[in-house]
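First the structure, in the form of structure tokens, and then the observations on it.
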Amino acid sequence: MRLGRARSVGLVGLRATLVDVEVSVGGGLPRTQIVGLPDAALSEAKARCRAAVGTSGFEWPQHLVIVNLSPASLPKSGTHFDASIVAAVLAANGSVPQTRLDDAVVMGEVGLDGALRPARGVLPAVLEAARAGVGHAIVPLPQVREARLVEGIRVHGVASVSELAALLRGEDVPERLPDVTPIEAARREPDLADVAGQPEARWALEIAAAGAHHLYFKGPPGVGKTLLAERLPGILPDLTPVDALEVAAIRSLCGLHVGGVLPRRPPYAAPHHSASVASLVGGGSSIAQPGAISLAHRGVLFLDEVPEFSPTALEALRTPLESGRIELARSRASTQYPARFQLVLAANPCPCGNYGLKGLACTCTPQAIRRYGERVSGPILDRIDIQQTLKQMSQSYLRRVGRTASEPSAAVAARVAEARARQAARLSPLGFATNAEVPGPVLRQELPLPLGIGLVDEAVTRGQLSARGVDKVMRIAWTLADLAGVGVPRRQDVQTALAMRRGDELAEVRCG
Ligand SMILES: [Zn+2]
């Protein structure tokens, strides 16, 4: 009986665990068996590894080969185990020495031709290996930059099983770095300078960015709802290094490209309204994969034509909106993914989209228009501090504003950053970072009352403002004060916040 051993990392969501891959060769009829809770896809690794070893000039043992993945209680899935299985088999064969494998994690999918291909989840896996004190990580060459984002571990990139064997034998494997892709180099965020007109909606976007408020744009097609939503990430502050690493780890887990520079800009996800619940919040058969809400973690989730989303999909957003994470229980494991996103919704005024448009006839019945507005449920609307209606702009107005340049994102982002700094200074002792997070009781009891709070009381007495509306007005008033650089909201901030809110309450009453 001959033994070989390599190490890899098991991933259940972002939770990573070091996995020992033990291979025993000998006795029994020639066949290969993988034990230790592999899923169906991982069981197929046998065929891939066997072929790759053969085409790379080594021999797959003509005996019983048992591959044991330990700890056995941890459910395992993913093609990234291939490389570690190959390494352990080569060690059992005596083709490579065992010594170098003891202080390394080996990851990557193997092709039948012996090539080492990128696999999902390399970043979170290498993070765990480094945390556990493993000295070396061997990854597919195209993922070297991704793996090198992790500090405190030596990363080696190999292109094939032959190179992997050479590296383990201590032979010279030239250090190479894959080229930076042109897409990565040219990536630029869309700029607010490209959007003409809609001054009120731009202002609403700036307030939303400054206070991290969820936002709801309403208006006919073509008025710029999507243009503005796409530009929200561009005026948000940079991610902290810790958040950026988490965002990159989620991308890695989804099999998306992660470059060699930690992306510090907030992500943006805009799933289509036909998206399934699983692709929106995460899902899958054995171990759940992240969905759009996790890809939008620490960034912006934009749902265009929100009434067209299935009610189940919208309902599934409720918990993550409250807790900032999603728990997905599947047959093999229960997985948790972070999902703290800023929500931007957009809706047409009616199903055909023509309601209120000049020169176009709306064909919807009044009931259809009302039902359309009601498809976004109360619990979701409760979380949205700002609702803004965009109107169609006349051609003459657009010609006029088209000649003067709009303010660029950089200028708005600077004001947003200052407003965020003021909030952080005021709210961090209370355990919050942004105005949007502050619950009603804290607003009313622990923070100083805005000047002109009497205006809010009057609006409530007159029945113009509901109880939940009061909290929203207070939050917006604080964000306006933070943007203006004053310590406590002024009377005019409360007035503006009330005016912004009043239109929404009227709309909600009309709809309800
Ligand atoms: Zn219509």
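The values are calculated or read from the model by the stated rules, or taken from the named source; none is laboratory data. Predicted model only: the values in this text are computed from it and were never measured. In this analysis, Cβ positions are derived from the backbone assuming ideal geometry, glycine residues included, and neighbour counts consider all displayed protein chains.
Tabulated data for the structure shown
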{"quantity": "Test result for Y337, in contact with a strand residue (DSSP E or B) (Cβ under 9 Å, 6 or more places away or on another chain), over 22 Å from A436 (Cα atoms) and of a type in the set (S, T, Y)", "calculated": "no"}
{"quantity": "Hits in segment 186-209 (condition: within 27 Å of S377 (Cβ to Cβ) and either under 20 Å from the mean Cα position of the chain (by Cα) or surrounded by fewer than 21 Cβ atoms within 10 Å (Cβ to Cβ) (or both))", "calculated": "E200, A208, A209"}
{"quantity": "Complete set of residues in segment 1-17 that are within 18 Å of T79 (Cβ to Cβ), part of a strand (DSSP E or B) and of a type outside the set (S, T, Y)", "calculated": "A6, R7, V9, G10, L11, V12, A16"}
{"quantity": "Residue satisfying all of: in segment 362-388; in a helix (DSSP H, G or I) and either among the basic types (K, R) or touching a His at 6+ places or on another chain (Cβ under 6 Å) (or both); farthest from P349 (Cα to Cα) among these", "calculated": "R371"}
{"quantity": "Odd one out for C352 among (1) more than 12 Å from the ligand (Cβ to nearest atom); (2) at pLDDT below 95; (3) not aromatic (F, W, Y)", "calculated": "(1)"}
{"quantity": "Residue match in segment 335-342 (condition: over 30 Å from T17 (Cα atoms) and away from the ligand (no atom under 16 Å from the Cβ))", "calculated": "yes"}
{"quantity": "Some residue of segment 479-488 being in contact with a strand residue (DSSP E or B) (Cβ under 9 Å, 6 or more places away or on another chain), assigned to a helix (DSSP H, G or I) and surrounded by 17 or more Cβ atoms within 10 Å (Cβ to Cβ)", "calculated": "yes"}
{"quantity": "Single condition V67 does not satisfy, out of (1) of a type in the set (A, V, I, L, M); (2) part of a strand (DSSP E or B); (3) out of contact with any helix residue (DSSP H, G or I) (no Cβ under 8 Å at 6 or more places or on another chain)", "calculated": "(3)"}
{"quantity": "Checking A411 against (1) in contact with a strand residue (DSSP E or B) (Cβ under 9 Å, 6 or more places away or on another chain); (2) of a type in the set (G, A, S); (3) more than 15 Å from the ligand (Cβ to nearest atom), the condition it does not meet", "calculated": "(1)"}
{"quantity": "Residue in segment 220-234 that is under 21 Å from A424 (Cα atoms), crowded, with 21+ Cβ neighbours inside 10 Å and either in contact with an Asp or Glu (Cβ under 6 Å, 6 or more places away or on another chain) or at pLDDT below 95 (or both) present", "calculated": "yes"}
{"quantity": "Scope segment 364-384; condition free of Cβ contacts under 8 Å to residues at least 40 places away in the same chain and away from the ligand (no atom under 16 Å from the Cβ); matching residues", "calculated": "G378"}
{"quantity": "Filtered residues of segment 282-292 (kept if in contact with a Gly (Cβ under 7 Å, 6 or more places away or on another chain) and outside any loop (DSSP other than H, G, I, E, B))", "calculated": "G282, G283, Q289, P290"}
{"quantity": "Selection count, segment 146-161, where residues are among the basic types (K, R) and either at pLDDT 95 or above or buried (at least 21 other Cβ atoms within 10 Å of the Cβ) (or both)", "calculated": "1"}
{"quantity": "Check on T389, in contact (Cβ under 8 Å) with a residue 24 or more places away in the chain, surrounded by 15 or more Cβ atoms within 10 Å (Cβ to Cβ), closer than 30 Å to Q445 by Cβ and in contact with a helix residue (DSSP H, G or I) (Cβ under 9 Å, 6 or more places away or on another chain)", "calculated": "no"}
{"quantity": "Residue match in segment 306-318 (condition: in the same structural domain as L236 (by TED's automatic domain parsing), without any contact (Cβ under 8 Å) to a residue 12 or more places away in the chain and not hydrophobic (A, V, I, L, M, F, W, C))", "calculated": "no"}
{"quantity": "Criterion (away from the ligand (no atom under 16 Å from the Cβ) and in the same structural domain as T226 (by TED's automatic domain parsing)) met by exactly one of V401, V416", "calculated": "V401"}
{"quantity": "The one condition in (1) surrounded by fewer than 19 Cβ atoms within 10 Å (Cβ to Cβ); (2) out of contact with any helix residue (DSSP H, G or I) (no Cβ under 8 Å at 6 or more places or on another chain) that G36 fails to fulfil", "calculated": "(1)"}
{"quantity": "Near pairs, Cβ below 6 angstrom, 6+ apart or cross-chain, from segment 340-363 (free of Cβ contacts under 8 Å to residues at least 60 places away in the same chain and within 15 Å of K225 (Cβ to Cβ)) to any residue that is near the ligand (Cβ under 9 Å from one of its atoms) and not in a strand (DSSP E or B)", "calculated": "C350/C362; C350/C364; C350/I369; C350/Y372"}
{"quantity": "Every pair of residues 6+ apart whose Cβ atoms lie under 8 Å, when the first sits in segment 167-196 and is modelled with pLDDT of 70 or more while the second is in a helix (DSSP H, G or I) and of a type in the set (K, R)", "calculated": "L167/R100; L168/R100; G170/R100; L177/R145; P178/R145; L192/R202; V195/R202"}
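For every residue, the table says whether it meets (1) under 25 Å from P290 (Cβ atoms); (2) at pLDDT 95 or above.
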site	(1), (2)
G27	no, no
E44	yes, no
A52	no, yes
D82	yes, yes
V86	no, yes
A92	no, yes
L101	no, yes
M107	yes, yes
